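Each remark here refers to the structure printed beneath this line.
The values are calculated or read from the model by the stated rules, or taken from the named source; none is laboratory data. Keep in mind the model is a prediction, meaning the values are calculated, not measured. Virtual Cβ from ideal backbone geometry, glycine too; neighbours counted across all protein chains shown. These area figures cover heavy atoms from the full protein model, side chains too; ligands, DNA and RNA do not enter into them. Shrake-Rupley method; radii C 1.70, N 1.55, O 1.52, S 1.80 Å.
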Amino acid sequence: MADAARPDLREAMADEALIVIDMQNDFCPGGALAVEGGDEIVPAVNRLIDASPHVVLTQDWHPAGHSSFASTHPGKAPFQTVAMPYGEQTLWPEHCVQGSAGADFHPSLRWTSAELVIRKGFRREIDSYSAFFENDHRTPTGLAGYLRERGIRSVTLCGLATDFCVAFSALDAVAKGFSTSVVLGACRGIDLNGSLAAMTLRMRDAGVRLI
Ligand code: VGL
Ligand code: ZN
């Protein structure tokens, strides 16, 4: 009786989910699109995983010849941009190819408690930074509906990269009505042309709690 009336902490937080963004080998030192210090955050991410009642992971998951790869566009180099039907797209080195070792989660990531893995960027013609929408900002991944149906009302994000997949996921989470926090100490950024400062400001202005 007493126990039933006093649910434990994890149950009290049952409407909260941790979303771990793209903690994959290719975004860590030695990977194809290494984020500086990307592997340093694994212990902090693991602590968040252990403390979270619900855990969702995202996994960047591109087919060979993906339209976000510079190599797909003759004459283009990584970090240049190209005009796509859905807007400007930054071009990247080939990374997170479906089934490759680079697309695997970091070997020390405690991924086993994850209840869902959202794969994104699996359509050749469109990239997907956000866990919620592809880069046209219209095509859903299904995550918002999943979280709603599970009764999740607030989300905490961490992972890689702060200024791309973490930031766009956080902005979409707020827009979808989730109370949204980003644990900056458990993120690392790419910082392309000042993108880290710009996206941090955009998150703050949108109402994302930056921890
Ligand atoms: C990401 C660039 C390309 C990310 C993914 O996870 O932030 N960035 N694909
Ligand atoms: Zn990608």
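Direction-averaged projected area, Cα convex hull, the stretch 99-210: 7.7 nm², rounded to one decimal.
Using the alpha carbons alone, the radius of gyration of the stretch 162-207 stands to its Kirkwood radius in an Rg to Rh ratio of 0.94. Longest segment of the chain with no chymotrypsin sites (Phe, Trp or Tyr not before Pro) in a DSSP loop having at most 15 other Cβ atoms within 10 Å? The answer is 87-211. Could you work out the relative contact order of the chain? I mean the mean sequence separation of Cα pairs under 8 Å and 6+ apart, divided by the number of residues, in percent. Normalised by residue count, the contact order of the chain is 23 percent. Across all directions, the average projected area of the convex hull around the alpha carbons of the stretch 19-122 is 7.1 nm².
With all protein chains in place and a 1.4 Å probe, the accessible surface of the stretch 90-182 carries 50 percent carbon and sulfur. Just the number, please: percent antiparallel of the DSSP beta bridges in the chain, rounded to the nearest 5. Taking every DSSP beta bridge within the chain, about 20 percent pair in antiparallel fashion.
With N counted as the residues of the stretch 61-119, its alpha-carbon radius of gyration over 2.2 N^0.38 Å works out to 1.38. With a 1.4 Å probe and all protein chains left in place, how much of the accessible area of the stretch 38-79 comes from carbon and sulfur atoms, in whole percent? Carbon plus sulfur share of accessible area: 59 percent.
Counting only protein heavy atoms and a 1.4 Å probe, the chain has 47 square angstrom of accessible area per residue.
How large is the Rg to Rh ratio of the chain when both quantities use alpha carbon positions and Rh follows Kirkwood? With Rg and the Kirkwood Rh in hand, the quotient comes to 0.98.
Could you pull out the longest piece of the chain with no exposed loop GluC sites (Glu not before Pro) in it, calling a site exposed if DSSP puts it outside H, G, I, E, B and it has at most 13 other Cβ atoms within 10 Å? Excluding the exposed sites themselves, the longest stretch runs over 126-211.
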